[in-house]
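Note sheet for the following structure.
The values are calculated or read from the model by the stated rules, or taken from the named source; none is laboratory data. Quantities reported herein were computed from a predicted structural model and do not represent experimental measurements. No Cβ is skipped: glycine too gets one built from the backbone with ideal geometry, and neighbour counts run over all protein chains shown.
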Amino acid sequence: MAVLAGGVGAIILGLIGLIFWWGDFLRLLAGGIPIALLLGGGLAVYIGIDELKDKLQEKREKESEQKVTEIEKAKEELEKIKSQAEEYREELEKLKERPKE
């Protein structure tokens, strides 16, 4: 109950203060708006730069993943070619060992 009474009293004193010091309140508000704009703008710039860094990092990661997959594909292809070359060598050796007719 005491909190309720204190809250009502604060509201009444606040309204009386606004009525008597309306001009001062407006000056304070007018002085606070540029500061709020500066701080809000600075925060927006900071967040924008952070988003750009994140996008660049994601792009770099995708490019590196793509390079890794390309390297893996090239290794697989190289292994296939090596196995084919080994088969051809074996076949050539068999042909060399065969008696000539």
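Would you mind stating whether Glu101 is exposed (fewer than 10 other Cβ atoms within 10 Å of the Cβ) and either modelled with pLDDT of 95 or more or not hydroxyl-bearing (Ser, Thr, Tyr) (or both)? Taking the combined requirement at face value, the residue satisfies it.
Rundown of residues vs (1) modelled with pLDDT of 95 or more; (2) loosely packed, with under 10 Cβ neighbours inside 10 Å; (3) under 26 Å from the mean Cα position of the chain (by Cα), yes/no style:
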residue: Phe25; (1), (2), (3): no, no, no
residue: Leu39; (1), (2), (3): yes, no, yes
residue: Gly42; (1), (2), (3): yes, no, yes
residue: Lys62; (1), (2), (3): no, no, yes
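Only one entry of Ile49, Ile19 meets the criterion of being without any contact (Cβ under 8 Å) to a residue 40 or more places away in the chain and surrounded by fewer than 10 Cβ atoms within 10 Å (Cβ to Cβ), and that entry is Ile19.
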